[in-house]
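Note sheet for the following structure.
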Amino acid sequence: MSEERLAGKVCVITGTGGSMGRVAALQFAKQGGKIVGCDINVEQDAETTALVRAAGGEMTSIAPCDLTREDDCAALVELAIASYGRIDVLYNNAAMAYFEPMESIGIDSWSKTIDQELNLAFLLTRAAWPHLSERGGCIVNVGSTCGMLGYATLPSVAHAAAKGGVIAMTRQMAAEGRHQGIRVNSISPGLTQTHQTVPLLAEQRLAEPLLAKIMLGRVAQPEEIIATALFLASDESSYITGVNLPVDGGMTAW
């Protein structure tokens with residue numbers, strides 16, 4: 001087996017300007033993957049591309065790229081095909097959540113969360129599906145423990161619905177993709193240190209009950225989540241499909 005776990009694989013990673021996406025691009029490239037990235041934020045995505053190349057990796061990207069738009073999804077797929085001729089791995093990392101309680105959430109926040117956490121993964125996967133079918137590629141979706149549990153102190157009804165949808169969609173994609181040799185799995189991170197969670201962790205009344213549910217007693221670092229995504233993207237997981245894997249420090253185990 002090659003020492004590089006993704007040697008030569010063309011990996012489309014979304015949200016490469018953010019905390020998780022940047023780590024994913026760096027780690028996947030370190031393992032020999034050819035990275036095709038995208039993000040809404042032009043500057044942050046450019047920084048990620050520069051970091052990957054400075055580390056000796058290979059990456060091309062498109063920004064701004066709004067994956068809730070079919071045309072932008074098509075453009076990202078076209079970039080991958082024009083650059084490398086194929087897609088081996090699709091890592092649907094990009095997402096944006098809006099946290100509001102059931103009693104006051106507006107339809108705008110609800111719709112934006114569903115659009116930016118569930119619809120974008122569907123739209124890009126649909127665009128990439130014919131190319132993944134050609135070589136029996138694999139898809140890694142990102143769910144959440146919010147799609148598996150209810151949290152008394154976290155106002156996350158829209159986020160829970162979107163991520164629960166991602167988890168369910170993963171199973172069905174795996175069932176339908178089996179004929180083309182496409183493997184589809186999801187990871188469900190628990191509380192993780194990212195740009196989006198910094199404000200949440202700063203609010204003691206919200207953070208303390210969440211931390212109390214974590215067996216390991218701490219939040220995850222992005223590298224710990226990406227290690228699991230890397231495993232699912234590699235041939236090491238060749239007999240795994242249709243699985244949602246919690247990466248949550250034991251949060252969902254009790």
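The values are calculated or read from the model by the stated rules, or taken from the named source; none is laboratory data. Note that the structure is predicted; figures quoted are calculated from it, not measured. Cβ placement follows ideal geometry from the backbone for every residue including glycine, while neighbour counts extend to all protein chains displayed. With ligands, DNA and RNA removed, areas are computed over all heavy atoms of the protein, side chains included. Shrake-Rupley method; radii C 1.70, N 1.55, O 1.52, S 1.80 Å.
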> Going by accessible area, probe 1.4 Å, with all protein chains left in place, what is the ranking of Val142, Val243, largest first?
Replying inline: Val243, Val142
> Taking Lys30 as the anchor, which aspartates and glutamates have their alpha carbon closer than 14 Å to its alpha carbon, excluding any fewer than eight residues away along the same chain?
Replying inline: Glu3, Glu4, Glu58, Glu223
> Among all helices in the chain defined by DSSP H, which have a length of 24 Å or more along the axis from Cα atoms plus a Kyte-Doolittle mean of at least -0.5?
Replying inline: 157-177
> Under the Cβ-under-4.7 Å rule, which cysteines of the chain stay unpaired?
Replying inline: Cys11, Cys73, Cys138, Cys146
>> Given a 10 angstrom Cα cut-off, can you work out which residue in Ala55, Ala46, Ala161 is the most mobile in a GNM of the chain?
In response: Ala55
> With Cβ to Cβ distances under 14 Å as the rule, what net charge do the other residues near Ala158 carry (K, R +1; D, E -1)?
Replying inline: -3
>> Shape verdict for region 118-194, please, from the Cα gyration tensor: rounded (a/c under 1.5), prolate (a/b greater than b/c) or oblate.
In response: prolate
> In terms of solvent-accessible area of protein heavy atoms at a 1.4 angstrom probe, what is the ranking of Trp110, Trp254, Trp129, highest value first?
Replying inline: Trp254, Trp110, Trp129
>> Between region 77-112 and region 1-71, what is the separation of their alpha carbon centroids in Å?
In response: 15
>> Going Cα to Cα from Lys213, which lysines come in below 26 Å? Please leave out same-chain ones fewer than 8 positions away.
In response: Lys163
> Here are some values of volume of the Cα convex hull per residue in Å³: [x] 134; [y] 124; [z] 196. Which one was computed from this structure?
Replying inline: [y]
>> Which of the three applies to region 158-229, rounded, prolate or oblate, going by the alpha-carbon gyration tensor with a ≥ b ≥ c and a/c under 1.5 meaning rounded?
In response: prolate
